[in-house]
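Visitor: Sharing a structure below in structure tokens format, with a few things to ask.
The values are calculated or read from the model by the stated rules, or taken from the named source; none is laboratory data. Worth saying up front: this structure is predicted, and the values here are computed from it rather than measured. Cβ coordinates were reconstructed from backbone atoms using ideal geometry, including for glycine residues, and neighbour counts include every protein chain displayed. When the accessible area is computed, the model is the full protein with side chains, heavy atoms only, and any ligands, DNA or RNA have been set aside. Shrake-Rupley method; radii C 1.70, N 1.55, O 1.52, S 1.80 Å.
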Amino acid sequence: INSKKKGFTIVELVIVIAVIAVLAAVLIPTFSNLVKKANISADQQAVVQMNKLLAMGESVNDLPENTDDVVEVLIENGYTSDLTTYYSNYQLAWVKEKNVVVLVENNSIVFPKEYIGMTFETIRPMAQDITDIKDSLASGNTVFVSDDIIADTADDLHFKTEGNYVLNLNGNTILTNLPNTVKGYNDGLVVNEKANVVISNGTIEGGNNVSQVISVYDEASLEINDSVITGGSSIAVLAEDGGTIRISDSKIFGIGTNPVQNYGGTLTLDNVTVAQSGESTGQYYYNSAILIANLYETIDGVNYLTGTQSKTTINGGTYSGKNTIFIVLTGGDVTINEGQFIGTEYVINAGFGGDYTTNSPDYTSVVTINSGTFNGNIKES
């Protein structure tokens, strides 16, 4: 039987490749142009919406003095989208004389149409870098972040002045990264001196030499919404000695030591995911998702509270730890109203235990469980 298999000839292959190349040359620019038009349209619609909100704000507030005021008006009136542009050649700016947001390309206004070709003395780009943010934080202004931030000195992101601060990360990341020359217990983002801070819509990440990615104390408060906090092998969130932290609709991750710690602060977690993985090389109680305790000192065998009472409230979410979810020591108080709790060894380990051998009746750990789903044991010691 004589059987022959016939395939494509070289000429046929060359013709097919040529046809594909011609189609690609025609379609790719067309597709790119469609994407460009869609991005430009999205930017224009965003500007129209922002200017409507600014006009609404004029009826109840004084005219903005700077871009921080503009962002504050937008947020107060419900603007939640990005302040970055979809079309890479465009930049958002604010014109003070008209109190309008415009699109700028090559230093010229391109939208809205009525402002094309016009020049103004007070056109202000709505962009923030770490220098702008530090200046804004120092003066208590609202900051809408337009790019990732690397905070690589000890004072880059310290809220040290009493006042109200709003930091909308706009989908970007803060990396707290300290130089190798900084040793010991080092904080990344710090809130103290009665400052009140709100952070939303982004990622806060611990980098080199950072012991606590976020720490709050001294009657200060921090609210975090719709964000991700990663501690790596460091503490991700620390409420300490009078500090108040409320975290909502967010995720907190850590490896080794507890990603969340409350030492004499007030901590509220609303619909939060907390996950701890890996083994800590420190004390046994580091191998948990959340550590709750009071700051104390022992004098003649009696423990004395040295700071404020530690209080923690859980309102929904998912919590998991390598060995234990909660370690509750030295009189820490916990109230669980709702949530899913998954511990490989214990869900809650409450009491002293470990190296602690002396307790005071005044500082007994109290855990109140009103509702929730628990996978693991509860231990009292």
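Visitor: When N is the residue count of the stretch 154-254, what does its C-alpha Rg come to as a fraction of 2.2 N^0.38 Å?
Guide: So the stretch 154-254 has a normalised radius of gyration of 0.97.
Visitor: Can you check what the net charge comes to around ASN271, using other residues whose Cβ is under 10 Å from the Cβ of ASN271 (Lys, Arg +1; Asp, Glu -1)?
Guide: -3
Visitor: What net charge is computed for the residues neighbouring PHE111, neighbours being all others with C-beta under 15 Å from the C-beta of PHE111, Lys and Arg scored +1, Asp and Glu -1?
Guide: Cβ neighbours under 15 Å give a net charge of +2.
Visitor: Could you tell me what percent of the accessible area of the stretch 61-123 is made up of carbon and sulfur, with a 1.4 Å probe and every protein chain present?
Guide: 42
Visitor: Next up: Cβ under 14 Å from ILE224's Cβ, ILE224 left aside: what net charge do those residues give with Lys, Arg +1 and Asp, Glu -1?
Guide: Result for the neighbourhood of ILE224: -3.
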